[in-house]
1. Rounded to the nearest 500 deg cm²/dmol, what is the calculated helix-only ellipticity per residue at 222 nm for chain B, with -39500 (n - 2.57) per DSSP H run of length n ≥ 4?
2. Any idea which of B:Gly90, B:Pro51, B:Ser149 is furthest toward the positive side of the dipole for segment B:33-164, if Lys and Arg beta-carbons carry +1 and Asp and Glu beta-carbons -1?
3. If you line up the Cα atoms of segment A:101-211 on their principal axes, what length do they span on each, largest first, in Å?
4. What dipole magnitude, in Debye to the nearest 20, does segment A:93-148 give about its Cα centre under +1 on Lys/Arg Cβ and -1 on Asp/Glu Cβ?
5. Local charge sum around A:Ala238 (other residues, Cβ-Cβ under 9 Å, Lys/Arg +1, Asp/Glu -1)?
6. Whose amide H sits under 5 Å from the amide H of B:Asn209, counting only residues 5 or more places off or on another chain, with H placed in the peptide plane?
7. Which whole number gives the average, over all residues in B:231-244, of C-beta atoms from other chains lying within 10 Å of the residue C-beta?
8. Pop out the ³J(HN,Hα) list for segment A:18-25 in order, Karplus 6.51 cos²θ - 1.76 cosθ + 1.60 with θ = phi - 60°, rounded to Hz; leave Gly and Pro as x.
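Just so it is clear, none of the values below were taken in a lab; they were calculated from the coordinates. Note that the structure is a prediction, hence the values are computed from the model and not measured. Ideal geometry is used to build each Cβ from the backbone, glycine not excepted, and the neighbour counts take in all protein chains shown.
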Protein chains: 2
Amino acid sequence: MKVVITGGTGMLGRRLALRLLAADELVGPSGKNEPLEHLTLVDAFTPAEPPPEDPRVELVSANICDPAVARRLIDDSVDSVFHFAAVVSGGAEADFDLGYQVNLDGARNVFEACRASAGVPRVVFTSSLAVYGGFRDIVDDTPLTPQTSYGAQKATGELMVNDYSRKGFFDGRSLRLPTIVIRPGKPNAAASGFASSILREPLQGDTVNCPVSAETRMLILSPRRAVQAFIDVHNADAEQLGFRRGVMMNGISPSIGEMVAALREIAGDTVADRISWEPDAQIQWMVDSWPWYANGVRGRELGFQPDASIEEVIQTFIDDELGGQIAD
Amino acid sequence: MKVVITGGTGMLGRRLALRLLAADELVGPSGKNEPLEHLTLVDAFTPAEPPPEDPRVELVSANICDPAVARRLIDDSVDSVFHFAAVVSGGAEADFDLGYQVNLDGARNVFEACRASAGVPRVVFTSSLAVYGGFRDIVDDTPLTPQTSYGAQKATGELMVNDYSRKGFFDGRSLRLPTIVIRPGKPNAAASGFASSILREPLQGDTVNCPVSAETRMLILSPRRAVQAFIDVHNADAEQLGFRRGVMMNGISPSIGEMVAALREIAGDTVADRISWEPDAQIQWMVDSWPWYANGVRGRELGFQPDASIEEVIQTFIDDELGGQIAD
């Protein structure tokens, strides 16, 4: 199989790549698992973490905002595309034009390239729970009324995935992700970034500010579970998805206070006391527009697994990213 | 006030123009009715009906698919824009690229021009009940899962109207129209066109084929009521609309059989017997993906009025378009 990952050296793209290379298989055009022969990782940015070293991997530094680039990368031999490349929520809110250019036009370039491909590739579009807005509790049929440009752009991408799939141009599916916690690495421009930072920085010995109230809840998912969900949604049977290709990924909903309490229990007072509490009204407003509780029947029926607890999320980070070591 | 209507010489655009010119007022930047000073009717097509002759009217033959054209038409002095220009459902289904080019990129050009304008114009976006799909009964909170490219493009436009309005770039509102019945003039490429044709052609002395079953129901609205709804949604208070700028316009839901029975009662057997019944599976499939019953509380609370009955719809057409004369 030949697979392309856009945003392939980013946080999720890289971890998906490593998982695919280790598994060495993915559901292919035959409808069964097929061996992974070629994996293109395309990214417009310099990798923050070392990309996978593997003879099956091709690294391409390119920007999918150029339709010709998208077409060149997604040629007639491509079987599957994972589209991660995006401007995150805070970035799309700060730079309206850039958000539409990357998140809408860039996605459309990828979709058009898949349409132009000789085959009917499977396309996994990275959506977000930010497509919802104004509803605290969400279910599969909650209307998409995003309150951010990022959410509007992702909802638009989902509409296109449905339409291109209905027309048979590709076999698309969209995965609506909760906030990824704990993101490894440096903070990014996502408005939700603090939810990772308040756990990550103290565990790594740094101080951090929490810009929202302890009562605030967020729907979260660990990177490990997210990567598995991308493989699951890719491998899901098209018939089972039906005409609505957007699947909500359930998360867990600890309050910020519960997240810090779990950190304190696992890592101790010294670590948890590295958090300060200066409110930021803009971030609080944006986070408040996102849902708190998700009950997605479709994702559950498809077998997608959220984390068991906030304790598991923290321990997963310590194991996967810190080699089991907490900074005292 | 200075008003621009895209698709301004089309069926609805022209009738809205005539109504605005007659009323000579519209809610303006002051929040109160202001006199109509200038009305630009822009259209890419040669008018099928004579455009309004009025010193306040400027006719422009141009295509909003060119961003520079949109910007030139919507200059800093524009107060309100009604965006009708679109490729209809059957056309967008037949020509995928043209549909996205006009219905998505063209709308975006209009939105960008309004954003670039010095003021904060009111923008009325013509949406459609085709944004729904897979649900027979629709309410305000029914999720938008369109089953046609036209519906996907209109749902995308609604997302943008919400997002641009939230950012304060313009004061947008989207009106989700039922099928307009009875459309005057020649049949167009709308998949729903037969619903007008089966009434219009017999009333004008012509034979016509009905491509769907007598049991099929459609949500319909007369042109007269539609024009009023556009004025109503334009004049609605932004506060009352809130963050969701898409309002569903309720229609009535006669079956095709009931429509023909009403025609027979009003116009007699000779007229009603001009209908033949050859099914068309493609049209039946597309119409079956549209909703049958609408119960929109928001539109009702805003005071939008559907027609009273199918009999009223037919009589309105005879009065407004045939000068009271039925062809024997």
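1. On the way: 14 runs with 127 residues, N = 328.
Counting only the DSSP helices, I get -11000 deg cm²/dmol.
2. Comparing the listed Cα positions along the dipole, B:Ser149 ranks first.
3. So the extents along the principal axes, rounded to whole Å, are 52, 30, 23.
4. Approximately 260 debye in magnitude.
5. Working: positive: A:Arg122, A:Arg173, A:Arg245; negative: A:Asp171, A:Asp237, A:Glu239.
Its environment carries a net charge of 0.
6. B:Ser276
7. Working: counts 0, 0, 0, 0, 0, 0, 0, 0, 0, 0, 0, 2, 6, 4.
Whole-number average of other-chain Cβ neighbours for B:231-244 is 1.
8. With the stated coefficients, segment A:18-25 comes to 4, 5, 5, 5, 5, 6, 6, 7 Hz.
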